[in-house]
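Inspection log for the structure reproduced underneath, given as structure tokens.
The values are calculated or read from the model by the stated rules, or taken from the named source; none is laboratory data. Note that the coordinates shown come from a computational prediction; the quantities given were computed from them, not determined experimentally. Every residue, glycine among them, receives a Cβ derived from its backbone with ideal geometry; neighbour counts consider all protein chains shown.
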Amino acid sequence: MILFGSRTTQKLVAALIFVCTVCQHEAAQRLVRRRTWFTLFFVPIFPFGHGSYTISCAYCGNTYGVSRENADRFVADAEAAHVNAEADRILSDEDARIRGEQQQSDRD
């Protein structure tokens with residue numbers, strides 16, 4: 001006897017903070033990818049298609065579907081925001097180090 005079927009999985013792809021189109025609150029918006037897999041003996045073997053993407057608001061819980069192109073753009077924006085935050089952190093650390101060196105040289 002062969003057991004086969006399908007299973008749908010969800011994966012959090014990215015998260016950004018911006019204003020929700022429904023509740024008009026600035027909150028985290030999560031991009032989730034849903035994908036259906038063919039299973040053999042309850043083991044996922046291969047996916048059906050590319051899956052679907054949804055964005056959900058962390059504040060109001062509203063969920064709406066987005067196209068693959070918009071999902072790719074969302075991921076790129078999330079990565080850019082992460083890089084910008086990291087660059088800001090590095091710059092502030094460097095500024096603090098320079099200020100500390102200047103204060104040290106002023107004391108000498």
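Values for this structure:
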| read-out | value |
| --- | --- |
| Qualifying residue in the stretch 63-85 (condition: hydroxyl-bearing (S, T, Y), within 22 Å of S6 (Cβ to Cβ), surrounded by 10 or more Cβ atoms within 10 Å (Cβ to Cβ) and without any contact (Cβ under 8 Å) to a residue 40 or more places away in the chain) | yes |
| Checklist (1) closer than 17 Å to Q10 by Cα; (2) modelled with pLDDT of 90 or more applied to F42, failing item | (2) |
